[in-house]
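Please see the structure below; I have some questions.
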Amino acid sequence: MSSEAQRLPSEKSGALVFVRDLVPSIIGFVSLFVIWHLASVYLLKSTLFPPPLAVFVRGYELLLDGTLWDNMYISMQRILIGFVLGSLAGIAIGLAIGTFDTVRRFVEPWTEFLRFIPTVAMITIAVIWFGIGENSKVFLIIYTTIFIVILNTAAGVAAITPNKIRAAQMMGATQAQSFMYVALPATIPYILTGMRIAMANSFTTIVAAEMVAASAGLGVMLWNGRLFMQVEDIFVSLLALCFLGFMTDRIFRIGIVRFAGRYSPTI
């Protein structure tokens, strides 16, 4: 009886926290679509800015015939492959830059040089090198991701106080152990922050890449909507990008809390 009495308050408090966190988000989403509806119907009164109901109806039609599912799947596949490859490479290079001065002096100049080239400007190069297939899109996502992750990872290593490394060495830790148990955990918040920023940029990049050289994807839906003045299709594509980006970020955050929450509780 006493154990049940102790469990009930904790369950209630957990439910209250869940409701407290969920309700403002729901209100925020509802208010966004209400403002959208009012602006479309009463302010602009234009077929070029359809109300949310018309967009939802068109989106439902595209879901039923499979068009939206296929384009979402193709775009998301390209984003995830490029994002994972770019993040892994960026983490490795960033850790090397932050740990070894020789690597930093050698790699940092071309990293700083190349990262100022806009991804949109690299689309032509990607098509010339890899054609209009999947490789060009993956290359562009990697290019978008890698420099952000490198800079954040290197900054995380540089932010580690030397006293922590010295303390580990005084306790008998080798250089590899100091890296694994001191440097790497302290760098995780910076790595994850860089990955979240790079993830958002990946969605921006894939739209531009698919508009220029692709036969399927959400970018193609946007482009075709513009060509044929199918405004509802344009807004469906935009909402699909928002939904995919939002869900990807939330899954990413859940993974952080589950597997790296003690290292990065605020991400």
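What pairs come out if I take residues in the range 60-79 that are among the hydroxyl-bearing types (S, T, Y) and pair them with residues that are at pLDDT below 95 and not in a helix (DSSP H, G or I) whose C-beta lies under 7 Å away, six or more apart or interchain?
Final answer for the pair search is S75/G217.
Can you find, within the range 95-126, the residue that is nearest to I141 (Cα to Cα) among those that are of a type in the set (K, R) and in a helix (DSSP H, G or I)? Steps first, please.
So in the range 95-126, the residues of a type in the set (K, R) come out as 104-105, 115.
Adding the requirement that they be in a helix (DSSP H, G or I) leaves 104-105.
Values: R104: 24, R105: 26 Å.
Ranking the candidates gives R104 first.
Please specify each residue of the range 226-267 satisfying the condition of being surrounded by 15 or more Cβ atoms within 10 Å (Cβ to Cβ), at pLDDT below 90 and small (G, A, S).
Across the range 226-267, the qualifying residues are A260, S264.
Next question. Are any of the residues in the range 196-204 at pLDDT below 80 and of a type in the set (S, T, N, Q)?
For the range 196-204, residues at pLDDT below 80 and of a type in the set (S, T, N, Q): absent.
Which of the residues belonging to the range 105-156 are farther than 29 Å from I74 by Cβ and in contact with a Phe, Trp or Tyr (Cβ under 8 Å, 6 or more places away or on another chain)?
Hits for the range 105-156 are T111, T153, A155, G156.
Which of the numbered conditions does D101 fail, given that it passes all the others? Conditions: (1) at pLDDT below 90; (2) buried (at least 20 other Cβ atoms within 10 Å of the Cβ).
Exception for D101: condition (2).
Tell me, please, whether a residue that is assigned to a helix (DSSP H, G or I) and either modelled with pLDDT of 85 or more or within 24 Å of the chain's Cα centre (by Cα) (or both) can be found in the range 164-176.
No, because not a single residue in the range 164-176 is assigned to a helix (DSSP H, G or I) and either modelled with pLDDT of 85 or more or within 24 Å of the chain's Cα centre (by Cα) (or both).
Also: For L48, work out the one condition from (1) of a type in the set (A, V, I, L, M); (2) exposed (fewer than 15 other Cβ atoms within 10 Å of the Cβ); (3) assigned to a helix (DSSP H, G or I) it doesn't fulfil.
(3)
Which of (1) more than 21 Å from the chain's Cα centre (by Cα); (2) closer than 20 Å to L192 by Cβ; (3) among the basic types (K, R) is the odd one out, the single condition R58 does not satisfy?
Single failed check for R58: (2).
The values are calculated or read from the model by the stated rules, or taken from the named source; none is laboratory data. Since we're looking at a predicted model, the values are computed, not measured. Glycine gets a Cβ as well: all are built from the backbone with ideal geometry, and neighbour counts include every protein chain shown.
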